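See structure below.
Values in this text are rule-based calculations from the coordinates and carry no lab data. Computed from a predicted model, the values in this text were never measured in an experiment. Glycine gets a Cβ as well: all are built from the backbone with ideal geometry, and neighbour counts include every protein chain shown.
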């Protein structure tokens, strides 16, 4: 047994790594339209491989071997949106442009605006920019430079105004654009009650780390989308608490990390001579 383990432990490690990779890929792509294409290609590839091996079909085996590279390139094209999103998230870090007090004031204002829109049954779509820029989506709308307020939000999303269609993009505590076009989600959404506004909110969070907020025009229901997932029919307290979890927790983690880095830097300074070092 020990000899067998010594000879084949590398194979076990390779199998484990491949299993983890395949499982994570399945979790990432299972809800996308491309998942069906991937399953279909895998079934065809396995079936042809088994047939060529069992029946010794040399021509089919030759074709499968040569077509493997083409299939790999095809998969890169098919899953290009998912791969781009994954790489963007991998390279991003949690940053927010203003301090905790400003964040709390901004969240209060945003929450008040959302619930006023909900009471009036004004359909609305907000996108809050985080670490991944939304410049390409800003360019699809009308540029606005204004501090977020409930009055401004009600004016933009009033059904009789020119900018009520599309979404509003927020950068920090300011509205930077309105009437923006967001990408519609390509994932399979079983709930048929979700309209185009909700699908656009989900689609933007699939391609970036933005947080989107939707107010239903028909029911006034409020939803939050993050990381391609939607949380629907939220109450006032639940909505405010969820915003704090998303944004204030990010700020707290960043602050704690900065404090740790500062303490590490201070502890790494060696006193010289008789001088007393006083920290900043």
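Dividing the mean sequence gap of close Cα pairs (under 8 Å, 6+ apart) by how many residues region 102-257 holds gives a relative contact order of 27 percent.
Provide the FRET efficiency to the nearest 0.05 for the residue 76-residue 48 pair, computing r from the beta carbons and using R0 = 22 Å. Efficiency, from the Cβ-Cβ distance: 0.55. In plain terms, the chain from residue 248 to residue 193 could stretch by 16.6 nm, reckoned as 0.36 nm per residue minus the Cα-Cα distance. Note on residue 143 and residue 39: the extension gain reaches 33.1 nm, defined as 0.36 nm multiplied by sequence separation minus the Cα-Cα distance. The peptide list 163-175, 198-210, 59-71, 138-150, put in order of mean Cβ contacts within 10 Å with the highest first, becomes 198-210, 163-175, 138-150, 59-71. Over region 102-257, the pair-distance histogram of Cα-Cα distances with 5 Å bins from zero comes to 2, 9, 20, 24, 23, 14, 5, 2, 0, 0 percent, rounded to whole numbers.
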